[in-house]
Structures are given as structure tokens and as C-alpha cells.
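The values are calculated or read from the model by the stated rules, or taken from the named source; none is laboratory data. Given the structure is predicted, the values throughout are model-derived calculations rather than measurements. No Cβ is skipped: glycine too gets one built from the backbone with ideal geometry, and neighbour counts run over all protein chains shown. The area values use the complete protein model at the heavy-atom level, side chains included, leaving out ligands, DNA and RNA. Shrake-Rupley method; radii C 1.70, N 1.55, O 1.52, S 1.80 Å.
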Amino acid sequence: RDIVVFPGMITPLFVGRSKSIAALEEVMTKDKKIFLVTQKDAETDDPTPNNIYTTGCIGKVIQLLKLPDGTIKALIEAQEKAKILKYINKDNNNYYLINAEVINNKKIKKNTKNDAMVRRLISRFGAYAKLNRTVPSEALNSISQLTDQDQFANTLASYLVLKIDLKQQLLEMSTTQTLLDKILVYIENEIGVLEVEKKIKSRVRRQMEKTQREYYLNEQLKAVQKELGDLDHGKNEFSE
């Protein structure tokens, strides 16, 4: 709910719904493998298969912690992108069981053009991270050190602050090249919007400061007039 997981991500998830808890408890007795997939409408408490995207990630549970309120905090590593082929027990009240097929993105060749693309993305992401305070401070350093382009693309996509349906579109991209191209488009668009927002906030702040300064000076003027005893006799002249 409200998150799209990309391969390579280690994600803490707070799980409170009975089906999800039952699924986690089941896999902990086996190979700890679980399928992570996003629901289309975050408001739905008990999503049916029709309300769940088909593309997600096969993940492995690293840590499971039961909290006093009955919810579970799970630390899960998303390993491979996969697509749901069919639901085996969609009417089961305990949890959903599926058949899934692993999806491998078509890789891009290592050449000068692609190296330039990666450098451009790192540079623009740096500008984006400075404008968007919700991006973790270590994000730029993290992606700069990645040499595998698939992992670079997935990590970059995971850091973008986008609507869930747009994030899902990124996950469903079939080639690393198209994924990187789309990420750059989103970053450039977001930088444009964030820069405009910054200008608006700055203008509003200046206007507020001006209003506050005028109010303060008017109050000072009234205090001086009162002190001189000229509030009534010389009001017009003082105002002028």
C-alpha cells in the first residue's frame, strides 16, 4: 500500500492486515520468499486480484518483528522483478498464493553514449535532491557508487517522489534504456516544478516580511505620536 518496490531495495514494511500477516508467517516456515506487489487503490483495505497490479518483485524476508499492537515490522529485500501469471487460491481467506514468472530487463550496451547518460542522470538527480527535501541525504552518494546499470536504474527510480501509478509504470519498463530515459524525463520535469515552487515561496516570504515590516513601523509611529501627545492634533500631518 502506497509503495512500489524495485529490485535491490531493502524495505521496512509495517504489516497489519490479516492476509499479509498470514502470508509472512507461512513463508517464515519455508524459504522466506514472498511476492511484493502494489495495490492500485491505497484506500482499499481488502484488495481483490483486480485491485492489485500484476508486476512486482520476489523478495526475501530478512527480519520479522512482532509489535505490541499486533502489527508486524518486516525487513524485506526485493530480489527479482516478476509478473503474476495466475492466482492459485484467490478465494482463500488466509492469504493469496500465485504463480509468478521472473522478468529480466533487456540490458544496455556499455558505450560512450550510455556513460554520458549515466553522468547526466547523476548530475540532474543531484539538483533534484537539493530541491526535494524528502529525498534522503545519502541518496546521491549511494547511486554514484553503483556500477551495474540495472541496479543504478532501479535505485534511481526508487528514490523519485512520484505518484504510485507513475512509479508502477517505471517498474514495468521492459528495458533498462527506456527506464533510464523515462527517469531523466521525470527528473527534469520535477526540477522545473520544484524551481517554480521555490520562486513562489520566496516571493510570498518577501511579501510577508514587507507586510510585517510595515505593520511594525506603523505601530512605532503610533507610539511616537502618542508619546508626543499629538495623536489628535497632528494626526494628518504625521500620516503625511
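Data table
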item	result
Subset of segment 9-35 (residues that are free of Cβ contacts under 8 Å to residues at least 60 places away in the same chain, assigned to a strand (DSSP E or B) and open to solvent by less than 60 Å² (accessible area, probe 1.4 Å))	15, 34
So residue 38, is it surrounded by 13 or more Cβ atoms within 10 Å (Cβ to Cβ) and hydroxyl-bearing (Ser, Thr, Tyr)	yes
Every pair of residues 6+ apart whose Cβ atoms lie under 6 Å, when the first sits in segment 121-135 and is at negative phi and exposed (fewer than 12 other Cβ atoms within 10 Å of the Cβ) while the second is of a type in the set (Val, Ile, Thr) and assigned to a loop (DSSP other than H, G, I, E, B)	134/161
Whichever residue in segment 99-114 is basic (Lys, Arg) and more than 24 Å from residue 35 (Cβ to Cβ) and, among such residues, is modelled with the highest pLDDT	113
From 36, 65, 75, 13, residue being more than 22 Å from residue 164 (Cβ to Cβ) and of a type in the set (A, V, I, L, M)	65
Segment 56-75, residues that are of a type in the set (Val, Ile, Thr), closer than 21 Å to residue 102 by Cα and either assigned to a loop (DSSP other than H, G, I, E, B) or out of contact with any Leu (no Cβ under 6 Å at 6 or more places or on another chain) (or both)	58, 61
Within segment 41-55, considering residues that are among the polar types (S, T, N, Q) and part of a loop (DSSP other than H, G, I, E, B), the one least open to solvent (accessible area, probe 1.4 Å)	44
Candidate set: segment 136-158, residues that are in contact with a Pro (Cβ under 9 Å, 6 or more places away or on another chain) and in contact (Cβ under 8 Å) with a residue 24 or more places away in the chain; chosen: the one surrounded by the fewest Cβ atoms within 10 Å (Cβ to Cβ)	151
